[in-house]
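The values are calculated or read from the model by the stated rules, or taken from the named source; none is laboratory data. It should be emphasised that the depicted structure is a prediction, and the values quoted were computed from it without experimental measurement. Cβ coordinates were reconstructed from backbone atoms using ideal geometry, including for glycine residues, and neighbour counts include every protein chain displayed. Surface areas here come from the heavy atoms of the whole protein model, side chains and all, with no ligands, DNA or RNA. Shrake-Rupley method; radii C 1.70, N 1.55, O 1.52, S 1.80 Å.
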Amino acid sequence: MKALVMGLGLHGGGLESARFLLKRGADVCVTDLRDEKTLSPSIEKLDSFVREIGAKPVRYILGKHEIEDFKNADMVIKNPGVRPDSPFLLASKRIETDLSLFLSMSPACLFAVTGTKGKSGTTCALHWILSKDRKSGKAYLGGNITVSPLTFLDELTNEDDVVLELSSFQLGDIKGKPFKPKGAILTSIMHDHLDRYATMDEYIDDKRNIYRGQDASCITVAGDDSWGKSFRAETKAKTLVWSQNKVLKEGISGGWIDEKSGCGFARLYNFEGASEEITELVPQKLLTPGVHQKINMLMASLASYGTGVKPDTIRRALADFKGIEHRLELFHENGGVRFYNDSAATIPEAAAACMEALTENASLVLVTGGTDKNLDFSPVAAIAKKAKAIILLAGTGSDKLKSILDGAGISYSGPFDNLDEAVKCAIGKASRGDNVALSPGCASFGMFLNEFDRGRKWKETVMRLG
């Protein structure tokens, strides 16, 4: 079989797709618009794998795509970032992704998480809970969290659980393909990717694919807003509602965060083995800061509780959950100043949530900005006065943010197109007891390869200079 991998990338999806195909004897060609130097980490890993298994060498077409390669391939594996209306894809006989290949072969029980804000935190918290609730098998984590599920496909049995974080792009790519997660979570829905989608409805329609293959044996967890109401009305699964602070009415299954105690509670009706009594799932004290983190924990706890995990197991697991890289990650402390990496905050609302969390008990020096995705930056400006200082990174998003901050009379430094200079500025404005955080609220393109590259370079620079 002739297989063409469109987009080798640096996140692992293209690499794992190529490995998957090579192990199964395919003739593999890799094509990517980026050059050999940029892709060298992935190319070196793939070439090493070819030597290890004695496979036929991979053919690389870099810096361009050739239409004949797509016409001649028996199967094209696309990167989720490639638009489905690409003329190269339209010339292809069969189109797959690493996710669709995985779903066609996985014997494991699936859980899936999508949304705009809170996906990664919720996904990792759910995986953490399920990893603590094992009588047999293992819990695996993959998807948009930068771990291709093909990485662990060959290890899976029907006693295992797999938790997948899925972007709208990934869900759009599997529309119409068999996909039935036992538990599906839809986190907060906000404006995003309007550089890719013409309307919010188009964006949300791809999100809806997370539950379209479910039935009454499954669980769908969604919010108490208008989007969540539409999801719960459409899904064929049993539904659970999550709410930030509203106690749910009698007869409605779901959970909320109690304003007085700070704990997360749930009440489920007509769920086998679950009580109609109010049950505490999220403990008051967590290792990760911020109300939005508790919401993530609540959503994860509802999905696990609704599918049979005991409340005591959930509470104990969440009390020990340390969070994840690039999401309000406390990675360094020096001279009484705490440094956070929140690089995965790629929309303004996420940066605003970071400011809320890190100004509760300390002053905040915020490093923000980057590339615009046709988004509204007013959520950042609305609470920017809470920050002790704001430092902007160069980019089209920062250009928009500057005008908003100027209009509100809020001062800032930059924009800086050099990370060393931005870090030096942030350190210079911080005092003992302060928090310093990178929370861009923007895409990373321009100065960085992606948000994970941005986060790693931020940490490396702070450790070197601070």
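Observations on the structure shown:
- Condition met for Ala362 (open to solvent by less than 30 Å² (accessible area, probe 1.4 Å) and modelled with pLDDT under 90): no
- Extreme residue, nearest to Arg208 (Cα to Cα), among residues of the stretch 94-122 that are in contact with a strand residue (DSSP E or B) (Cβ under 8 Å, 6 or more places away or on another chain), among the small types (Gly, Ala, Ser) and outside any strand (DSSP E or B): Gly115
- Any hit, the stretch 271-285, residues being of a type outside the set (Phe, Trp, Tyr), in a helix (DSSP H, G or I) and within 22 Å of the chain's Cα centre (by Cα): no
- Scanning the stretch 54-80 for residues that are loosely packed, with under 13 Cβ neighbours inside 10 Å and of a type in the set (Gly, Ala, Ser) turns up just one, Gly54.
- Complete set of residues in the stretch 1-30 that are assigned to a strand (DSSP E or B), surrounded by fewer than 24 Cβ atoms within 10 Å (Cβ to Cβ) and touching a helix residue (DSSP H, G or I) at 6+ places or on another chain (Cβ under 7 Å): Lys2, Ala3, Cys29
- When Leu302 is tested against (1) within 30 Å of Ser439 (Cβ to Cβ); (2) more than 26 Å from the chain's Cα centre (by Cα), only condition (2) is not met.
- Residues of the stretch 75-88 satisfying the condition of being in a helix (DSSP H, G or I) and within 25 Å of Ala443 (Cα to Cα): none
- Residue match in the stretch 62-70 (condition: within 31 Å of the chain's Cα centre (by Cα) and assigned to a helix (DSSP H, G or I)): yes
- Checklist (1) within 21 Å of Leu194 (Cβ to Cβ); (2) at pLDDT below 90 applied to Gly370, failing item: (2)
- Among the residues of the stretch 260-270, not one is within 27 Å of the chain's Cα centre (by Cα) and open to solvent by 70 Å² or more (accessible area, probe 1.4 Å).
- One residue stands out among those in the stretch 311-331 that are within 24 Å of Pro440 (Cα to Cα) and among the acidic types (Asp, Glu): the one that is least open to solvent (accessible area, probe 1.4 Å), which is Glu329.
- Among residues of the stretch 336-354 being over 19 Å from the mean Cα position of the chain (by Cα) and of a type in the set (A, V, I, L, M, F, W, C), the one that is surrounded by the most Cβ atoms within 10 Å (Cβ to Cβ) is Phe339.
- All conditions but one from (1) at pLDDT 95 or above; (2) surrounded by 24 or more Cβ atoms within 10 Å (Cβ to Cβ); (3) touching an Asp or Glu at 6+ places or on another chain (Cβ under 8 Å) apply to Lys119; the one that does not is (1).
- Selection status of Asp85, open to solvent by 20 Å² or more (accessible area, probe 1.4 Å) and at pLDDT 95 or above: no
- Members of the stretch 303-331 that are in contact (Cβ under 8 Å) with a residue 12 or more places away in the chain and charged (D, E, K, R): Lys310, Arg315, Arg316, Asp320, Lys322, Glu325, Arg327, Glu329
- Flag for Asp342 being in contact with a strand residue (DSSP E or B) (Cβ under 6 Å, 6 or more places away or on another chain), under 19 Å from Met190 (Cα atoms) and modelled with pLDDT of 90 or more: yes
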